[in-house]
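The values are calculated or read from the model by the stated rules, or taken from the named source; none is laboratory data. Predicted model, so just to flag it, every value in this text is computed and none were measured. Every residue, glycine as well, gets a Cβ built from its backbone with ideal geometry; the counts of neighbours run over all protein chains shown.
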């Protein structure tokens, strides 16, 4: 029986049109993206199955297709079928498979549709296989033949064509910054307070998730207020302010490199000191860790999360906070790309202990935390939205167990998923960024 | 795929509740979307001011307006927009106004 994939209906016409040449091209891209380390990983799974209960998709659906080891097997089987001698001559003996139309569907459904690239399976793997990296490599092969699910691909395309992932025209961005500057001046009662644009030779070059400018600008205002209170010298770029990089999720290294390089170019042109990444999990992982690899480039400047900057302000006494201004019970969600995959683990906790009166951890937390369900491009891929919400139940339960009234998370992607979880599971919570909590607690001089 | 019931007629939406065909939008569709997606029992004059502003912008430019434009046009303070549409301008207001899911709305 041929398995059916209802979530792929929207892509079916494209899949059917694939030629042998297309499949060959996908395989070439796949092979090129595998270094020695990856090839070793592809031969290492012992099928112990320990990864299954680490995955929020498996915990939701309890089916084979959601098991990390199965997803990895889909990738491994193709690798063996095309790139190992035994697999090419006696495929049945070692379970090697060809990349054909059926396999393409299985890849799309499991590797895009049942994975948020959260990396939780990798830290629970008894061998230590970097499963996330291998799934991303397979996504990259699909990207090479135009088979990234449409919502995710259009997000990438918009970023490439329009300079930011929401297609914000430049005048609208400048107008929004101007408006927020007026708001800041009113809030701190100082007409000299600024949101600088293209200011050369400053300490910090700040970036945002375009979603902030487009629909949720209070988090921009919060960051600007903190910079103001700390007496920071900083700037936005008129052109390149987008911290996101959905090439991380589509698996397309060339596109991902192009997007990250924009920030590098602007940094160098403005001779800014530090590239500061807004509260955006995948934007941090992309620009802090992956981009130098994509670009084969050593960054001549430090790259930091805004959380590191704010934590330093508190440590150095550059800002003072009154935690009693945030009196509700607050819990913290750890974005996978910032925490498990990014290494920013304690800063947000340090900040919250100074900024809120009642902070409780959810369980598990830090690098063991569950994905909210919105990562890996899931929020953009409408065809898998139902699974995303169902797999988010684990997160909803985690939040409920804390009894918190406010969920703070340093990631706009997570915030969007939490807004949907809030509605779907009727959590009745407020959802905030770390900077928003800090701005609320700021004691202005 | 999903659908909503508008006075006994089925109107198709995507998996996230955005209209599949923005041209089928009507005030009745907006009322049904508001009820289902935002839990708004009846749309107030202020809701309509936001919806009209978004539709006007969309009809002209084929894209969603930034929240700055919505505030400017309606004269409402930012925080009031979030009170009117708890899911925010994109997944709340734009959805009720019948727009397709905005680009990069993730």
Among A:326, A:337, which is the only one that is assigned by TED's automatic domain parsing to the domain that holds residue A:201 and more than 20 Å from the chain's Cα centre (by Cα)? A:326
Does residue A:226 satisfy being away from chain B (no Cβ under 14 Å) and either over 19 Å from residue B:66 (Cα atoms) or in contact with a strand residue (DSSP E or B) (Cβ under 9 Å, 6 or more places away or on another chain) (or both)? yes
Need a quick list: helices (runs of 4 or more DSSP H) entirely within the stretch A:201-307 having at least 2 residues that are in contact with a helix residue (DSSP H, G or I) (Cβ under 7 Å, 6 or more places away or on another chain), outside the structural domain of residue A:378 (by TED's automatic domain parsing) and crowded, with 21+ Cβ neighbours inside 10 Å. none
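Take residue B:80 and decide whether it is more than 9 Å from every other protein chain (Cβ to nearest Cβ), crowded, with 19+ Cβ neighbours inside 10 Å and either modelled with pLDDT of 90 or more or farther than 26 Å from residue A:167 by Cβ (or both).
Spelling it out, it is not the case that residue B:80 is more than 9 Å from every other protein chain (Cβ to nearest Cβ), crowded, with 19+ Cβ neighbours inside 10 Å and either modelled with pLDDT of 90 or more or farther than 26 Å from residue A:167 by Cβ (or both).
Within the stretch A:340-361, can you find the residues that are more than 23 Å from the chain's Cα centre (by Cα) and assigned to a helix (DSSP H, G or I)?
A:353, A:354, A:355
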Single residue of B:93, B:12, B:32 found to be more than 10 Å from chain A (Cβ to nearest Cβ) and at pLDDT 95 or above: B:32
Options A:375, A:403, A:392: the member that is out of contact with any helix residue (DSSP H, G or I) (no Cβ under 9 Å at 6 or more places or on another chain) and over 30 Å from residue A:228 (Cα atoms): A:403
Would you call residue B:11 touching a strand residue (DSSP E or B) at 6+ places or on another chain (Cβ under 6 Å), surrounded by 20 or more Cβ atoms within 10 Å (Cβ to Cβ) and over 23 Å from residue A:372 (Cβ atoms)? yes
Under the condition of being away from chain B (no Cβ under 11 Å) and part of a strand (DSSP E or B), which residue from the stretch A:431-445 is nearest to residue A:230 (Cα to Cα)? A:442
Within the stretch B:49-70, the residues that are surrounded by fewer than 21 Cβ atoms within 10 Å (Cβ to Cβ), without any contact (Cβ under 8 Å) to a residue 12 or more places away in the chain and at the interface with chain A (Cβ under 10 Å from one of its Cβ atoms) are B:61
In the stretch A:39-59, residues that are touching a residue at least 40 places away in the same chain (Cβ under 8 Å) and either buried (at least 18 other Cβ atoms within 10 Å of the Cβ) or in contact with a strand residue (DSSP E or B) (Cβ under 6 Å, 6 or more places away or on another chain) (or both) total 8
For the stretch A:178-220, which positions are under 22 Å from the mean Cα position of the chain (by Cα), touching a residue at least 40 places away in the same chain (Cβ under 8 Å) and either within 12 Å of chain B (Cβ to nearest Cβ) or within 20 Å of residue B:87 (Cβ to Cβ) (or both)? A:209, A:210, A:211, A:212, A:213, A:214, A:216, A:217, A:218, A:219, A:220
Filter result (part of a loop (DSSP other than H, G, I, E, B), buried (at least 19 other Cβ atoms within 10 Å of the Cβ) and more than 11 Å from every other protein chain (Cβ to nearest Cβ)) within the stretch A:144-169: A:145, A:147, A:148, A:149, A:163
Assess whether residue A:279 counts as being within 29 Å of residue A:427 (Cα to Cα) and without any contact (Cβ under 8 Å) to a residue 24 or more places away in the chain. no
Of the residues in the stretch A:371-390, those that are within 9 Å of another protein chain (Cβ to nearest Cβ) and assigned to a loop (DSSP other than H, G, I, E, B) come to A:374, A:377, A:378, A:379, A:380
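I'd like the full set of residues that are surrounded by 16 or more Cβ atoms within 10 Å (Cβ to Cβ) and more than 12 Å from every other protein chain (Cβ to nearest Cβ), limited to the stretch B:36-47. First the steps, then the outcome.
Of the residues in the stretch B:36-47, the ones surrounded by 16 or more Cβ atoms within 10 Å (Cβ to Cβ) are B:36-38, B:40, B:43, B:47.
Scanning the stretch B:36-47 gives B:40, B:43, B:47.
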Could you tell me whether any residue of the stretch A:400-420 is farther than 24 Å from residue A:305 by Cβ, free of Cβ contacts under 8 Å to residues at least 12 places away in the same chain and more than 14 Å from chain B (Cβ to nearest Cβ)? no
